Amino acid sequence: MKILVVGAGGREHALAWKIAQSPQATEVFVAPGNGGTALAPNLHNINAKSAQQCLEFALQEGIDFTVVGPEAPLAAGIVDLFRANGLAIFGPKQAAAQLESSKTFAKEFMQRHHIPTAAYAVFNDAQQAHDYVRQQGVPIVIKADGLAAGKGVIVAETLEQADQAIDDMLGGFFGQAGAKVVIEEFLTGEEASFIVMADGKHVLPLASSQDHKRQLDHDQGPNTGGMGAYSPAPIVSEVLHRRIMQEVIEPTMQGMLKDGIEYTGFLYAGLMIGEGNDQERPIKVLEFNARMGDPETQPIMMRLQSDFVALLQAAQEQRLDQIQAQWDPRPAIGVVMAAYNYPVEPRTGDSITGLPEDQADCVVFHAGTALANKAANSQLLTSGGRVLCVTALGQDLEAARDRAYATVQAIHFEGAQYRSDIAWRALKQA
Ligand code: AMP
Ligand code: GLY
């Protein structure tokens with residue numbers, strides 16, 4: 001099979017890396033890919049950026065199956081476009097991807113189908129929003145309605161911060177994505193990422209994971225796309241797993257069907273799990289993503305032992321209920337190395353050195369990297385905010401962490417920043 005992976009990040013490098021291990025994959029293309037996928041001997045980068053360009057390539061090359069990584073092409077309708085042209089593709093259609101692309105859509109959907117989530121109100125008028133935060137008090141959470149690359153959420157500790165966030169968003173800082181704001185009750189607890197594959201009728205849960213959204217150690221600093229992740233998430237016990245399926249995933253699938261929208265593709269529920277014993281502690285949805293997480297995908301793919309292409313085929317044939325995914329029992333940790341001045345305005349063009357060869361238990365997935373030219377000995381340069389995700393497996397979490405950090409320390413680029421405490425929460429429990 002010829003397989004196309006759409007996207008350019010660490011998530012797509014990890015998806016393509018895993019797909020290329022399948023005996024069924026004859027050729028694997030990444031559109032547009034990054035420096036890491038360019039260097040991988042079994043992956044081919046394609047200079048296609050828009051959904052239309054991907055379609056043209058897929059038709060011309062005779063691609064058998066396409067997997068979409070990021071949210072933007074899903075929200076732009078790439079799945080609708082491919083299917084209209086008779087091509088097999090794994091992802092939600094545009095209408096289904098609204099679970100991520102519009103927070104208002106997601107909140108109304110959850111309310112309609114009794115899926116637990118934080119109380120909220122929606123505003124497009126700044127004065128009314130300011131009045132509302134005064135009624136509710138702080139801390140309070142301000143979210144841009146549309147896609148904002150993981151940066152459209154402000155947890156405001158003071159009224160001034162809340163007012164500023166409202167004014168920035170409604171004032172056009174995120175363009176159309178901020179034309180409306182969702183103001184949400186502040187929830188406390190522990191976060192977990194619960195990702196499933198959906199075929200419209202059935203779901204196959206993937207291994208649990210947790211990520212670190214804040215830029216700095218001790219979960220300080222601004223929210224980012226994610227500075228590191230690990231799998232499994234110790235908090236997701238068997239009891240919680242069952243409850244998440246019953247209270248969140250199944251009602252979401254049924255709700256979509258009731259609303260006349262078939263959900264296919266990855267579905268990521270970002271959860272806040274409150275205090276209490278596992279039978280009773282509250283589980284609330286912070287957000288839905290219509291895709292896999294980045295960087296959660298990197299440790300999840302490291303742990304996946306099943307043939308990923310077989311899972312994708314089962315989804316295509318609507319038989320995810322008949323298949324199981326096998327997981328390496330060892331935990332995996334991914335540490336993101338980000339560019340100087342990420343997440344504000346990351347500098348690009350810094351030279352990357354010290355990259356080791358991939359090992360069975362440690363792989364460096366690339367995100368914002370590019371080759372300076374196409375020559376074999378070409379210089380690898382930073383080209384985006386999150387540059388690399390160093391991902392390692394270990395006998396236990398500590399061993400995985402030590403393996404990942406030993407590799408991080410061998411890699412160099414000017415201004416590199418990374419958190420030194422990835423997986424601290426899980427290590428505390430271990
Ligand atoms: P989101 O993109 O909606 O998941 O928000 C990004 C991050 O903001 C989450 O991972 C949480 O850390 C935080 N956050 C979002 N909503 C809330 C909430 N209602 N209460 C507390 N923290 C939140
Ligand atoms: N790591 C969080 C996300 O992918 O949205």
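The peptide list 280-293, 65-78, 115-128, put in order of mean Cβ contacts within 10 Å with the highest first, becomes 65-78, 280-293, 115-128. Loop-located trypsin sites (Lys or Arg not before Pro) across region 164-273 with a Cβ neighbour count of 16 or fewer within 10 Å are 201, with loop assigned by DSSP. Looking at the square roots a ≥ b ≥ c of the eigenvalues of the Cα gyration tensor of region 255-320, which shape do they give, rounded for a/c under 1.5, prolate if a/b is larger than b/c, or oblate? Cα axes put region 255-320 in the oblate bin. Under the classification rounded if a/c is under 1.5, otherwise prolate if a/b is larger than b/c and oblate if not, where does region 1-125 fall, given a ≥ b ≥ c as square roots of the Cα gyration tensor eigenvalues? The shape class here is prolate. With a threshold of 21 Å on the Cα-Cα distance, the over-threshold entries among 49/213; 49/93; 93/213; 18/284; 213/428; 2/49 are 49/213; 93/213; 18/284. In terms of its C-alpha gyration tensor, the chain comes out rounded, because the ratio a/c of the largest to the smallest axis stays below 1.5. Can you pull out the trypsin sites (Lys or Arg not before Pro) in region 366-424 whose DSSP state is coil and whose Cβ has at most 10 other Cβ atoms within 10 Å? Those that pass, being in a loop and sparsely packed, are 374. Extent along the principal axes, Cα only, for region 222-282: 34, 32, 20 Å, with the longest axis given first.
No value in this document is a laboratory result; all are computed from the given coordinates. Note that the structure is a prediction, hence the values are computed from the model and not measured. When we count neighbours, we look across all protein chains shown, and the Cβ atoms used for this are built from the backbone with ideal geometry, even at glycine.
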